[in-house]
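Structure provided below as structure tokens; questions to follow.
The values are calculated or read from the model by the stated rules, or taken from the named source; none is laboratory data. These numbers were taken from a predicted model, which means no experiment stands behind them. Here Cβ is always computed from backbone atoms with ideal geometry, including for glycine, and neighbour counts include all displayed protein chains.
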Amino acid sequence: MAIGRVLQQEIQEAVEALRAGELVAFPTETVYGLGANANNPDAVRKIFRIKGRPSTHPVIVHIDHPRYLQRWVREMTPEAKKLADAFWPGPLTLVAKRAPAVNDVITGGQDTVAIRVPNHPVAQQLLNAFGGGIAAPSANRYGHVSPTRAEHVREEFGDEVKWVLDGGDCKVGLESTIISCLADGPRVLRPGSISFSQLKAVVPTIQMGPNPSAPRVPGSTSRHYSPTTPVNVVPSRRLETVMNEFTANHEKVAVLAQRPPGTANPFMTWINAGIRPDVYARNLYANLRTLDKASAKIILVEEVPEGEKWDAVRDRLRRSASAENIVTYDQDIAAWVADFGEEGGPT
Ligand code: TXA
Ligand code: MG
């Protein structure tokens, strides 16, 4: 019997591969994960090696049901329990005190572990048949755009990842909401598709952002989720002006907007991603990949609206734009365009 697009035999082969210490890419409702047996440190090390990811960035352990929590977590705060009840299975990751047996390679040597129960039939089936935890980051090279289709995983890794379960397009399209539930209270470390109001309705004490006095938040580097082409976020009213400055020099520009272009331009590749935050989020990474292939000098992204429905999209867009590449809009755009790619500009 097939589950979605994945045959039962493929699930069984993937389980055997995991048991043999190999990596398996699999779909979740957020993005595709690159999975390894979470009880096999050598297998988990392969993930870091193949992604080019620093060992200080811990990985999420995926389980099929909260009944397996105590294998990984030694303490769930009351807030963590409420969040798990409300949103699991789903696009939520909880950070809690780790159980003693959890390997340092998963936690980056910290005393905490990140855990998630995904809501996707293929992920559920795989976890259930495997019967253990699967450690999995997003199935992309370090710092690159996350995959939301099986073909994206193949683009990232080619033959390096033998097992890729194809569950079609991910419905959410952005990585899970990560909430730390430790002694300093519940805190959103990474916004996702669950809005802050939805979280607050379950846990009123929740706060946005990491504890400012915490020593470090792993994985919170500002540059992340990036295409190869530099990305810049531009206010809607300046979009055509900035684009025209580039294309006047016959340089190609790729644009991700929420409306059609105001002017025709032979040097632009324009995607109108629409005004619905859920649809925009679902297509965001595939759109960035498409625009990355346009051989453009720059990807201009129309700034998204204010408001919490756009929090996760805004967060990913901010991170996919390289820090040195932020335009100051008071500055003369023509001068900035002329300098672009020169010293101090993106490379
Ligand atoms: O939706 C998702 O969360 C996807 C799917 C595959 O589940 N996974 C994902 O994993 O986005 P990854 O590794 O790309 O991002 C997980 C983030 C990283 O920034 C990592 O540093 C952080 O979670 N993280 C993992 N363990 C942590 C911990 N113990 N404390 C704080 N942050 C942690
Ligand atoms: Mg990732």
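Glu79 versus (1) surrounded by fewer than 16 Cβ atoms within 10 Å (Cβ to Cβ); (2) away from ligand 1 (no atom under 12 Å from the Cβ): which is the lone unmet condition?
The number of the failed condition is (1).
Now, a different point. Please find, within region 40-65, the residue that is farthest from ligand 1 (Cβ to nearest atom) out of those that are at pLDDT 95 or above and surrounded by fewer than 17 Cβ atoms within 10 Å (Cβ to Cβ).
Here the answer is Asp42.
Something else about it: Which residues, taken from region 111-131, are in a loop (DSSP other than H, G, I, E, B) and either surrounded by 18 or more Cβ atoms within 10 Å (Cβ to Cβ) or within 16 Å of ligand 2 (Cβ to nearest atom) (or both)? Break it down into steps so the answer makes sense when it comes.
Initially, region 111-131 is screened for residues in a loop (DSSP other than H, G, I, E, B), giving 111, 117-120, 131.
Val117, Pro118, Asn119, His120, listed by residue number.
Okay, moving on. Small (Gly, Ala, Ser), within 16 Å of Leu300 (Cβ to Cβ) and within 16 Å of ligand 1 (Cβ to nearest atom) - does that describe any residue in region 178-189?
No, region 178-189 contains no residue that is small (Gly, Ala, Ser), within 16 Å of Leu300 (Cβ to Cβ) and within 16 Å of ligand 1 (Cβ to nearest atom).
Just to be sure I understand, how many residues within region 187-201 are buried (at least 16 other Cβ atoms within 10 Å of the Cβ), more than 16 Å from ligand 2 (Cβ to nearest atom) and aliphatic (A, V, I, L, M)?
Adding up the residues that qualify gives 3.
A further question on this structure: Looking at region 157-164, is at least one residue in contact with a strand residue (DSSP E or B) (Cβ under 6 Å, 6 or more places away or on another chain) and within 12 Å of ligand 1 (Cβ to nearest atom)?
Within region 157-164 (the criterion being in contact with a strand residue (DSSP E or B) (Cβ under 6 Å, 6 or more places away or on another chain) and within 12 Å of ligand 1 (Cβ to nearest atom)), the answer is no, since none of the residues qualifies.
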